[in-house]
Amino acid sequence: MRSPLSPIVLLMLAACAGAPLETRARPMTDAEYLRSRDLMVPVFGVRSRDLRDTYSAPRSGGRAHLALDILAKKGTRVVAADQGYVLRIERNELGGKTIYLTDENRRFVYYYAHLDEWKYGLAEGQRVHRGQLIGSVGTTGNAPPDTPHLHFQVMRMGSGRRYWNGEPVNPIPYLRRTGDER
């Protein structure tokens, strides 16, 4: 049987009786937040079920990979996995041509490496939308020349906004949309 009292009256009665009222929702966990972002596989045409989990794969010096390698033909379009902003576009010895993006709330960083090309006109500080073309798959940096791929890493934004130094998170459970250019 439904109570004849409205929900507001019931809340007021609970407050008067000393019952605690939850006035704020609890913050989302990182996993909940990443699920809510509805991330796209960042390589055009690649489905989430086709991904191979390379996150824990061993690397030199006893370290783990802590990223995904998404193999694709050289020149395949690379798209933004999430909407947000371009943090940095740079070239470095290990990653070659790289891009750092962040989500709208600057909670997570998305690192794209071994790109063959950056999209012409892409600029630091620019707003991007999910599925926006940002570059193409390549073999720059320390990638084997006969294995074009995108090195894709998701990291929690580092303390002091040190985007390059955040705690890595395995993106496999959160990449739910097929890579598509929009």
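Projected label points at Arg52 and Glu90, each 7 Å from Cα along the beta carbon direction, are separated by 3.0 nanometres.
Shown here: the range 39-104, whose C-alpha atoms stretch 34, 29, 25 Å along the first, second and third principal axes, sorted largest to smallest. Remark: the range 155-165, residue by residue, has Karplus-estimated 3J(HN,Hα) of 9, 5, 4, x, 4, x, 6, 7, 4, 7, 10 Hz, where x stands for each Gly or Pro and the curve is 6.51 cos²θ - 1.76 cosθ + 1.60 at θ = phi - 60°.
Inter-part distance, the range 129-146 to the range 50-92, computed on C-alpha centroids, equals 8 Å. Couplings 3J(HN,Hα) of the range 77-89, computed from phi: 5, 10, 10, 5, 6, 8, 8, x, 9, 7, 8, 7, 10 Hz, in residue order, whole Hz [Karplus 6.51 cos²θ - 1.76 cosθ + 1.60, θ = phi - 60°; x for Gly and Pro]. Computed from phi, the 3J(HN,Hα) profile of the range 45-54 under the Karplus parametrisation 6.51, -1.76, 1.60 (θ = phi - 60°) reads x, 8, 8, 4, 5, 8, 6, 9, 6, 9 Hz, with x in place of Gly and Pro. Take every pair of alpha-carbon atoms less than 8 Å apart whose residues are at least six positions apart; their mean separation over the length of the chain yields a relative contact order of 26 percent. Loop-located chymotrypsin sites (Phe, Trp or Tyr not before Pro) across the range 77-112 with a Cβ neighbour count of 13 or fewer within 10 Å are lacking, with loop assigned by DSSP. Can you give me the angle between helix 7-16 and the longest principal axis of the chain, using Cα atoms only, in degrees from 0 to 90, rounded to the nearest 10? Between the helix axis and the principal axis of the chain, the angle is about 70 degrees.
Dipole magnitude of the chain about its Cα centre, charges +1 at Lys/Arg Cβ and -1 at Asp/Glu Cβ only, in debye to the nearest 20? Write out the running numbers ahead of the final one.
Values: 27 positive and 19 negative charges, 47 e Å.
The calculated dipole for the chain is roughly 220 debye.
Each principal axis of the Cα cloud of the range 27-177 was taken in turn, and the coordinate range along them, longest first, works out to 45, 38, 32 Å. On a per residue basis, the convex hull of the C-alpha atoms belonging to the range 111-155 measures out at 93 Å³.
Of the GluC sites (Glu not before Pro) found in the range 103-140, those in coil by DSSP whose Cβ has at most 13 other Cβ atoms within 10 Å are Glu104, Glu124.
The numbers here are math on the coordinates, done by the rules we state, and not lab data. Everything numeric here is computed off the predicted structure, so don't read it as measured data. A quick note on method: Cβ atoms are made from the backbone with ideal geometry, for glycine too, and the neighbour counts reach across all protein chains shown.
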